[in-house]
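Here the structure is laid out as structure tokens; the discussion comes afterwards.
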Amino acid sequence: MLAPTFPSSPQLALLTQLTDAVLARAAAGDASAAALKLNGALLEANPDCYTAWNARRAAVAAALAAGGEQGRAAAAGELSVTQKALTRNPKSYPAWHHRRWVVGHGLTSLQGELALVDR
């Protein structure tokens, strides 16, 4: 029996390129702003990619450990990334898990999260 073939599409090609780039940067331990931006683009397109969320957590944790401006910049974007992912798929368990991690690490105020839930 032949394996099924899937049609090629620009979206699939872009998703494949993003995934490959994110995984390569994660394997290299890249925690730069560019790596987080690329990771965010992937998660906005596919919020259910557990591997990308795990790579993002590792990169943010590394940036926070480095401290300074890099740590603050990494922390600032986390709620935005999860919000965009949850807008695309409100039932994305990996996105909710990451958001809980962000709150648990004090990267946002609990009051802000409660206000968001009230909306």
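The values are calculated or read from the model by the stated rules, or taken from the named source; none is laboratory data. Worth saying up front: this structure is predicted, and the values here are computed from it rather than measured. Cβ sites come from the backbone with ideal geometry, for glycine too, and all protein chains shown count toward neighbours. SASA here: full protein model, heavy atoms, side chains in, ligands and nucleic acids out. Shrake-Rupley method; radii C 1.70, N 1.55, O 1.52, S 1.80 Å.
Does the stretch 84-92 include one or more residues that are part of a helix (DSSP H, G or I) and touching a Gly at 6+ places or on another chain (Cβ under 8 Å)?
yes
Does T82 satisfy the criteria of being in contact with a His (Cβ under 6 Å, 6 or more places away or on another chain) and open to solvent by less than 40 Å² (accessible area, probe 1.4 Å)?
Working: in contact with a His (Cβ under 6 Å, 6 or more places away or on another chain): yes; open to solvent by less than 40 Å² (accessible area, probe 1.4 Å): yes.
It is true that T82 is in contact with a His (Cβ under 6 Å, 6 or more places away or on another chain) and open to solvent by less than 40 Å² (accessible area, probe 1.4 Å).
So, in the stretch 5-61, exactly how many residues are without any contact (Cβ under 8 Å) to a residue 24 or more places away in the chain and among the aromatic types (F, W, Y)?
Total satisfying the criteria: 1.
Could you grab the pairs with beta carbons closer than 7 Å, sequence gap of 6+ or different chains, first residue in the stretch 97-111 and on the phi < 0 side of the Ramachandran plot, second one loosely packed, with under 12 Cβ neighbours inside 10 Å?
Listed pairs, sorted by first residue: V103/L110.
Check the stretch 64-79 and report whether any residue there is part of a helix (DSSP H, G or I), modelled with pLDDT of 90 or more and loosely packed, with under 15 Cβ neighbours inside 10 Å.
The answer is no, given that none of the residues of the stretch 64-79 is part of a helix (DSSP H, G or I), modelled with pLDDT of 90 or more and loosely packed, with under 15 Cβ neighbours inside 10 Å.
If you scan the stretch 16-63, which residues turn out to be touching a Lys or Arg at 6+ places or on another chain (Cβ under 7 Å) and open to solvent by 30 Å² or more (accessible area, probe 1.4 Å)?
L38, E44
Which residues, counting only those in the stretch 64-108, are among the hydroxyl-bearing types (S, T, Y) and in contact with a Lys or Arg (Cβ under 8 Å, 6 or more places away or on another chain)?
We begin by selecting, within the stretch 64-108, every residue among the hydroxyl-bearing types (S, T, Y); these are 80, 82, 87, 92-93, 108.
Across the stretch 64-108, the qualifying residue is only T82.
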